1. Output needed for the range 73-229: three equivalent-ellipsoid semi-axes, defined as square roots of 5 times the C-alpha gyration tensor eigenvalues, in descending order, whole Å.
2. Would you look at the GNM of the chain, springs on alpha carbons closer than 10 Å, and say which of 176, 198, 277 moves the most?
3. Using a 1.4 Å probe on the protein chains only, how many percent of the accessible area of the chain belongs to carbon and sulfur?
4. Let me know the volume per residue of the alpha-carbon convex hull for the range 37-157, in Å³.
5. Give, in nm to one decimal, the length gained when the segment between residue 178 and residue 304 is fully stretched (0.36 nm per residue of separation minus the Cα-Cα distance).
6. Which trypsin sites (Lys or Arg not before Pro) in the range 111-198 sit in a loop by DSSP (not H, G, I, E or B) and have at most 10 other Cβ atoms within 10 Å of their own Cβ?
7. For the chain, what does -39500 (n - 2.57) per DSSP helix run (n ≥ 4), summed and divided by total residues, give at 222 nm, in deg cm²/dmol to the nearest 500?
8. The range 31-133: which chymotrypsin sites (Phe, Trp or Tyr not before Pro) are DSSP loop and have at most 16 other beta-carbon atoms within 10 angstrom?
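The values are calculated or read from the model by the stated rules, or taken from the named source; none is laboratory data. Please read these numbers as outputs of a predicted model, since none were measured by experiment. Cβ atoms come from the backbone with ideal geometry, glycine included; neighbour counts cover every protein chain shown. All accessible areas refer to the heavy atoms of the entire protein, side chains included, with ligands and DNA or RNA removed. Shrake-Rupley method; radii C 1.70, N 1.55, O 1.52, S 1.80 Å.
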Amino acid sequence: MRALFWCPWPNADEWLALLRQKGPELEFLISSEIDAPETIEAAIVWQPPSGLLERLSGLRCILVLGAGVDHLLAPGMRLPDVPLVRIVDPVMAERMASWVLAAVLFGHRQLDVYVRQQRERSWRRHAARDTADVRVGVLGLGAMGSACASRLAQVGYRVAGWSRTPKALAGIEGFTGSETWPSFLARSDFLICLLPLTPETRGILNARTFAALPEGAFVINAGRGGHLIESDLLSALDDDHLAGAVLDVFEEEPLPAQHPLWAHPKVLITPHIASITNPETGAEQIIAAMRAIRRGEMPPNTVDRRHHY
Ligand code: NAP
Ligand code: GLV
């Protein structure tokens with residue numbers, strides 16, 4: 001089986017070497033090496049340019065180098081109608097859980113406030129709530145969200161989760177459907193977005209959502225930049241309705257140097273590093289998926305395109 005490998009990341013060479021090592025019977029080509037596009041049966045990609053996959057007339061599967069597939073299902077991508085397989089990896093879920101825990105602790109223990117005070121050599125103490133009194137709401141209880149919700153519950157936070165279909169997770173209060181949305185928000189001192197970006201979830205972090213959160217709430221986004229209406233967040237922070245935000249993903253990445261979020265005193269920015277795909281385990285999953293396709297089987301973690309995730 002021949003595969004196109006399209007990866008814009010700095011560690012693309014490491015990925016390619018691992019794929020070749022773990023799948024010696026398979027052939028991996030970068031786009032400039034493709035002489036006969038019709039012989040390519042698999043495409044291993046992250047954010048391929050539109051039109052690249054369309055010309056691969058013999059394609060049997062698309063294997064995504066990460067968890068999110070919004071970049072492939074975006075309007076204008078004209079994706080061939082073949083199985084679209086994403087990575088679901090406990091290593092990635094653990095990476096996300098540690099980033100989310102750090103973001104919640106940063107806001108809960110007011111480290112943002114003390115970083116500002118330290119710059120001014122200011123010795124002022126502020127009361128902090130006990131962990132058991134802090135209510136966290138996790139949007140999305142999939143591979144990422146469920147690991148994060150469970151980690152936060154283990155630490156002692158009061159955790160609820162919101163998902164499209166009902167979920168029963170130990171120690172997590174489950175919310176589903178639009179009728180539960182206001183009560184879910186009203187009990188979320190920290191709102192964490194780990195949803196996939198779909199037509200239904202685009203812009204979900206907006207002025208109405210922020211207004212329904214308790215005064216002094218924190219917003220944490222590691223889903224996608226398209227979930228957040230950035231101007232609404234800036235207004236809610238400036239009005240002092242929200243205490244702060246931790247953001248890992250942005251509508252435009254890299255975040256442009258002149259963007260107001262960079263300099264906002266209540267915003268902490270990380271450059272889309274919350275959970276980077278692990279090449280070792282990711283390459284193993286991709287090879288396993290290619291072998292499944294070759295046997296005529298549907299690989300695990302195939303995206304349900306009706307739901308866009
Ligand atoms: P997943 O396993 O597919 O889980 C998605 C969750 O969102 C599910 O619980 C799903 O509900 C819920 N959901 C989807 N649409 C919904 C809707 N309209 N209303 C309510 N709930 C909805 O995805 P994942 O692997 O956890 O990844 C989630 C996202 O995280 C990715 O799509 C990506 O955007 C982001 N991500 C970011 C990074 C980073 O480094 N920042 C890394 C990896 C992933 P059901 O359970 O009912 O299906
Ligand atoms: C990263 O954002 C991913 O979706 O894997």
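1. Working: eigenvalues 172, 63, 57 Å².
Semi-axes, largest first: 29, 18, 17 Å.
2. Of 176, 198, 277, the Gaussian network model singles out 176 as fluctuating most.
3. On the way: 7870 of 14610 Å².
After summing per-atom areas, the C and S share lands at 54 percent.
4. 148
5. Values: separation 126, 0.36 × 126 = 45.36 nm, distance 2.15 nm.
Using 0.36 nm per residue and subtracting the Cα-Cα distance, I get 43.2 nm.
6. Values: sites: 116, 119, 121, 124, 125, 129, 135, 151, 158, 164, 167, 187; in loops: 121, 124, 125, 129, 164, 167, 187.
The qualifying sites are 121, 124, 125.
7. On the way: 10 runs with 97 residues, N = 309.
Value at 222 nm, helices only: -9000 deg cm²/dmol.
8. Loop-located and lightly packed - 123.
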